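Engineer: Structure incoming, see below.
The values are calculated or read from the model by the stated rules, or taken from the named source; none is laboratory data. For clarity, every value in this text was computed on a predicted model and none was experimentally measured. Positions of Cβ are generated from backbone atoms using ideal geometry, with glycine treated the same way; all protein chains shown enter the neighbour counts. The area values use the complete protein model at the heavy-atom level, side chains included, leaving out ligands, DNA and RNA. Shrake-Rupley method; radii C 1.70, N 1.55, O 1.52, S 1.80 Å.
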Amino acid sequence: MNNPDTLTNPILSQWLEFARQLSLPDLEAFARANIPANLPLPATYLNSLDNDYKTIALRACILVFIASNKRMIPRQYQLEASNATAHGLDCTIDSGTGSGKTLCQIILNLLYPNTTSITISPLKRLQILQVRITFPLACGF
């Protein structure tokens, strides 16, 4: 099976499903054979995990690599957040705009495609609060 060249390639879903079925040794072999050195896996983090957490993190790396057309690998905090959520733990991410918080949600959708996820993003309320903090006199506060 050849790697898909674009996200519109009809075999993309087959590749994603293939990666979801791999065992930990097969995930490690796939990563070694396919993920280039310019997209380094967070090896120290992966090696610190037990097999269950490592399987999910490595599978997430491979799924993102495939879905992004071989352009990216998740960062450690994205793997930590995805792994926590996958194990039923609460997780809060506090990072700047454009830092990759949304990928944490996408990873879970890639890992578990037959589930439903709900994202609540109170951006309108946040916008109002930011205006009040930045321009309190203009808002009458």
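Engineer: Heavy-atom accessible area per residue, the chain, 1.4 Å probe: how many Å²?
Structural biologist: 65 Å²
Engineer: Roll a 1.4 Å probe over the protein heavy atoms and report the accessible area of LYS101 in Å², nearest 10.
Structural biologist: Surface open to solvent at LYS101 totals about 70 Å².
Engineer: If you don't mind, there's one more thing I want to ask. About its Cα centre, how strong a charge dipole does the chain have in debye, to the nearest 20, once Lys and Arg get +1 and Asp and Glu get -1 at the Cβ?
Structural biologist: Working: 11 positive and 9 negative charges, 103 e Å.
Roughly 500 debye for the chain.
Engineer: Would you calculate, for the chain, the mean residue ellipticity at 222 nm contributed by helices, counting each DSSP H stretch of 4 or more residues as -39,500 (n - 2.57) and dividing by all residues, to the nearest 500?
Structural biologist: Mean residue ellipticity at 222 nm (helix-derived): -16500 deg cm²/dmol.
Engineer: Can you tally the net charge around PRO74? Count Lys and Arg as +1, Asp and Glu as -1, for every other residue whose Cβ sits under 13 Å from the Cβ of PRO74. Don't skip to the end; give the middle numbers.
Structural biologist: Values: positive: ARG59, ARG71, ARG75, LYS101; negative: GLU80.
My count for the surroundings of PRO74 gives +3.
Engineer: Here's a follow-up. Accessible surface of THR116 in the full protein assembly, 1.4 angstrom probe, to the nearest 10 Å²?
Structural biologist: Roughly 130 Å² of THR116 is accessible to a 1.4 Å probe.
Engineer: Carbon and sulfur atoms: what percent of the 1.4 Å accessible area of the chain do they account for?
Structural biologist: Carbon and sulfur together cover 56 percent of it.
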